[in-house]
């Protein structure tokens, strides 16, 4: 049986590596890889590559500093989206709760389709401008 490559993580470019890392850490309940936590002694944070792990220690996202990145302008194609992530929640109530959390963490709303009976969703932009979707996808047994 042939073996295929396995996705290790998704890497996202950002001008503010720590700021975007904190956004996704809090939004998705992730943690930093050992040794990558923010400094607590007041020293400058020189993070230029951060790895975010789930509770089982699996890589989920990495944030890489790229000072010359230009945020996407979706829905305009002036600066294309390039990539986006979809995050599923099981109910409309959870959709609304996580939309509010994302906005409180610094996301901004780009598009609302929360009344769509087939697949309620919101398109938001993270603090660096990358679009992502929060959508209802009931958990199937």
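As an exercise: evaluate residue 35 against (1) farther than 19 Å from residue 125 by Cβ; (2) in the same structural domain as residue 123 (by TED's automatic domain parsing) and give the number of the one condition it does not meet.
For residue 35, the failing item is (2).
Kindly indicate which of 55, 41, 46, 34 is modelled with pLDDT of 95 or more and part of a loop (DSSP other than H, G, I, E, B).
55
Against the definition (part of a loop (DSSP other than H, G, I, E, B), more than 18 Å from the chain's Cα centre (by Cα) and closer than 21 Å to residue 133 by Cβ), how does residue 76 come out, yes or no?
Judged against the criteria, residue 76 is a match.
Hey, can you tell me all the residues within the stretch 26-58 that are within 18 Å of residue 132 (Cβ to Cβ) and in contact with a strand residue (DSSP E or B) (Cβ under 6 Å, 6 or more places away or on another chain)?
Listed by number, the residues that qualify are 30, 50, 52, 54.
Can you confirm whether the stretch 101-115 contains a residue that is in a loop (DSSP other than H, G, I, E, B), modelled with pLDDT under 90, exposed (fewer than 12 other Cβ atoms within 10 Å of the Cβ) and not assigned by TED's automatic domain parsing to the domain that holds residue 24?
no
Looking at this structure, is residue 135 in a strand (DSSP E or B) and within 18 Å of residue 23 (Cα to Cα)?
Judged against the criteria, residue 135 is not a match.
Tell me, yes or no, whether the stretch 60-70 has at least one residue that is over 15 Å from residue 18 (Cα atoms) and exposed (fewer than 10 other Cβ atoms within 10 Å of the Cβ).
Yes: one or more hits.
Filter the stretch 79-96 down to the residues that are in a helix (DSSP H, G or I) and touching a strand residue (DSSP E or B) at 6+ places or on another chain (Cβ under 8 Å) and list them by number.
Within the stretch 79-96, 92, 94, 95 qualify.
The values are calculated or read from the model by the stated rules, or taken from the named source; none is laboratory data. As the structure is a computational prediction, the values presented were derived from the model and not from experiment. Note: ideal-geometry Cβ built from the backbone for every residue, glycine included; neighbour counts use all protein chains shown.
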